[in-house]
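The block underneath contains the structure these notes are about, expressed in structure tokens.
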Protein chains: 2
Amino acid sequence: MHTMTALLCQIELEKYIRKMHSIVGNAVTEGRYLVFGIGSSQLLNAAVYALSSENSSTPSNVLASIPFYPMYKAQTMFFNSENFQFEGDTNSWQSNNSTNNMDVVEFVTSPNNPDGELKTPVLGGKTIYDHAYFWPHFTPIPVPSDHDLMIFTLSKLTGHAGTRFGWAVIKDKDVYQKVLNYISVADLGISKDTQLRVLKLLKKAVEGDGKPIFEFAYNKMRDRWERLSSVFSKSTRFSIQQRHPLHCNFFNETRLPSPAYAWVKCEREEESDCGAVLEAGNIKGRAGSKFSAKDRYVRLSLIKSQDDFEMLLQKLTELVSLENSGVETM
Amino acid sequence: MHTMTALLCQIELEKYIRKMHSIVGNAVTEGRYLVFGIGSSQLLNAAVYALSSENSSTPSNVLASIPFYPMYKAQTMFFNSENFQFEGDTNSWQSNNSTNNMDVVEFVTSPNNPDGELKTPVLGGKTIYDHAYFWPHFTPIPVPSDHDLMIFTLSKLTGHAGTRFGWAVIKDKDVYQKVLNYISVADLGISKDTQLRVLKLLKKAVEGDGKPIFEFAYNKMRDRWERLSSVFSKSTRFSIQQRHPLHCNFFNETRLPSPAYAWVKCEREEESDCGAVLEAGNIKGRAGSKFSAKDRYVRLSLIKSQDDFEMLLQKLTELVSLENSGVETM
């Protein structure tokens, strides 16, 4: 691809990303900088580098609120930089460090992975808003997000996870240039082919002001949640997260969220390893400890093929029916 | 793309990469592991992480031989890891540390960027062979490379730099798993679309046992070098690197190398800023100091469009003719 064609493709892609946010009303992009990355994954780490103190003698403190997406900890520890260190949970930090929130970088995952909650910052430091799931098929959109550094990914918008494309929306020019520099030093920039492919996908996605794609995806998620909730309503052994209705500006009505994941809790005191309990029923989830929470919790993914979802629902139904028949698998 | 299709694509792509190396005879891949990366850039840094001591109290020492590709230093310093530090030139290291080469990671760039030399290791530590330019259009292939960790890139094979695809050929299973883990933690893996595109390109490139593509590319480079050498042969003010004939196993004859870059030296003592001298003649190159060498050197790229190459040659011809007419631009 020629340099000029590539540049035009990049400008066009930026335009469609801004258009998508404007249609959905989930993020303010006017007067903000955009940076493309390899999925949101690369941008998470680029953001940590950009917000950490470079020439300080003490590293910046990176934190998140339990339960949190394991990538934050994995990346921050793996790169083992002198610029920052992972300090774990915001809540334990808060009680130990009442005044010193100056050199803090906090991940605010909204909606949260694993539990779908619309999180807000706990500490008073710098923030990285991970908005991977902030789309109308997963959550009502109450108001456009208007924060300093927001990260989105194609993966949870159109489902093209394998394309590895994400973007950051950044207010401050200096931070923008640092994130851009990270991408350049790490990879010499983002694939031009990928940009062209994402442009084609977004052109399709914004058709009909996004109504067709988001209605399809929302209806699918709502259907799954209704069926899932119905199964768990018959159980006292297992519970799932509470969902609270909110006004969605995109659909212009009050709706329940329909998160990508169910956050399952084993309620019986002796069943502290919930993953093992579910696995005995042939149900695979991710253990709570992966999210720095207790293993009494398990994350079940609801974003899978219809066949796989039907299988999951069938096995959950069986597990819950055993509970009421008195014959249990563990 | 379904998981199974993606996996089949990956297996098929590995097969074609091995086939390409086998046809060209530039690397031993039997019994070796392959890892895909975002261009060679990402793999360079992944390799540094993989070869550095993780739990050591002192960081590993990363070195290269001047003149060297600036990315090695830029990446190693940027990530600022506690696992390693950039120690610069192998030659100054050698004189200061005669015995301790144990915890050394040396970049061996062969052919070298900027000067095209087929480098060999200087120190006795671990090595990362950067073989980006080890293809028959740039250098005679004397023997298949048979080293622990070798890195290649599509960019300098078919020219598709914008696709951002490279691969590492790795002997040791533990090192392989560390490089793979880096890619996974940094980006959650490599784009499936990219893998499919590269597969299509390589299927085309191996047609006719690679003869059509490498003959085309070699003839192009040879033609450029002949014309370039002819211009510099008329100059005493400027010189370019010496080229030595070698037997090429791929073309089965003895040939001169035709490197991607000319490494120009300003010979007059007072012209220590060679970039400025060339720029006065409207010629843009990269200053020697970018490669940790003296600014008496400049790298000129010969891998550009034919139009741009004709322009470069015309301006060089003008500059050299001024030298002989006595009217000079500086």
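No lab work stands behind these numbers, since they all come straight from the coordinates. The structure presented is a predicted model; accordingly, all values stated were derived computationally and were not measured. A quick note on method: Cβ atoms are made from the backbone with ideal geometry, for glycine too, and the neighbour counts reach across all protein chains shown.
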Next item on the list: Report, in degrees rounded to the nearest 10, the 0 to 90 angle that the Cα long axis of helix B:173-187 makes with the longest principal axis of chain B.
Entry: 80
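Antiparallel as a % of all DSSP beta bridges within chain B, to the nearest 5? Walk me through the numbers on the way to the answer.
Details: 22 of 39 bridges.
Restricted to chain B, the bridges split so that about 55 percent are antiparallel.
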Item checked: Cysteines in chain A lacking a second Cys C-beta under 4.7 Å -> A:CYS9, A:CYS248
Check: In a GNM of chain A with a 10 Å cut-off on Cα contacts, which of A:PRO111, A:PRO136, A:PRO245 has the highest mean-square fluctuation?
Finding: A:PRO245
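In debye, nearest 20: dipole of chain A around its Cα centre with unit charges on the Cβ of K, R (+) and D, E (-)? The partial results should precede the final answer.
Numbers: 36 positive and 37 negative charges, 175 e Å.
Taking the Cα centre of chain A as origin, the dipole is about 840 debye.
Quick one: which of B:LYS73/B:LYS178; B:LYS119/B:LYS178; A:LYS178/B:LYS294; B:LYS204/B:LYS284 span more than 23 angstrom between C-alpha atoms?
B:LYS119/B:LYS178; A:LYS178/B:LYS294; B:LYS204/B:LYS284
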Next item on the list: Would you give the gap between the C-alpha center of the range B:219-246 and the C-alpha center of the range B:264-294, rounded to a whole Å?
Entry: 17
Check: Between B:PRO212, A:CYS274, A:SER258, whose Cα lies farthest towards the positive end of the dipole of the protein assembly as shown when Lys and Arg beta carbons carry +1 and Asp and Glu beta carbons carry -1, centred on the Cα centre?
Finding: B:PRO212
Notebook entry, point to check: Hey, got a sec? Which GluC sites (Glu not before Pro) in the range A:28-113 land in a DSSP loop and have at most 14 other Cβ atoms within 10 Å?
Noted result: A:GLU30, A:GLU54
Next item on the list: Kindly identify chain B as rounded, prolate or oblate by the Cα gyration tensor criterion: order the square roots of the eigenvalues as a ≥ b ≥ c, call it rounded if a/c is under 1.5, otherwise compare a/b with b/c, prolate if a/b is larger, else oblate.
Entry: oblate
Next item on the list: Treat every Asp and Glu Cβ in the range A:210-325 as -1 and every Lys and Arg Cβ as +1, leave all other atoms uncharged, and give the resulting dipole magnitude about the Cα centre to the nearest 20 debye.
Entry: 380
Check: Just going by the charge dipole of chain B, with Lys and Arg at +1 and Asp and Glu at -1 on Cβ, which of B:THR139, B:ALA6, B:GLY285 is farthest out on the positive end?
Finding: B:ALA6
Next item on the list: Considering only DSSP beta bridges where both residues belong to the protein assembly as shown, give the percentage that are antiparallel (nearest 5).
Entry: 55
Notebook entry, point to check: Expressed as an acute angle from 0 to 90° and rounded to the nearest 10, what is the orientation of the C-alpha long axis of helix B:3-24 relative to the principal long axis of chain B?
Noted result: 50
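Can you tell me how the range B:61-187 classifies by the Cα gyration tensor, rounded, prolate or oblate, using a/c under 1.5 as the rounded cut?
Working: a/c = 1.56, a/b = 1.18, b/c = 1.32.
The shape class here is oblate.
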Check: Do you know the relative contact order of chain A, to the nearest whole percent, from alpha carbon pairs under 8 angstrom that are 6+ apart?
Finding: 19
Next item on the list: Would you calculate, for the protein assembly as shown, the mean residue ellipticity at 222 nm contributed by helices, counting each DSSP H stretch of 4 or more residues as -39,500 (n - 2.57) and dividing by all residues, to the nearest 500?
Entry: -13000 deg cm²/dmol
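Determine the dipole magnitude for the protein assembly as shown: charges of +1 sit on the beta-carbon of Lys and Arg, -1 on that of Asp and Glu, nothing else is charged, the reference point is the Cα centre, and the result goes in debye to the nearest 20. Write down the numbers at each step before the final one.
On the way: 72 positive and 74 negative charges, 327 e Å.
So the dipole magnitude of the protein assembly as shown works out to roughly 1580 debye.
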Item checked: Spatially proximal aspartates and glutamates relative to A:LYS15 (Cα-Cα < 19 Å; intrachain offsets below 8 disregarded) -> A:GLU30, A:ASP146, A:ASP193, A:GLU207, A:ASP209
Note to self: Quick check: the distance between the Cα centres of the range A:113-174 and the range A:1-52, to the nearest angstrom?
What the structure shows: 12
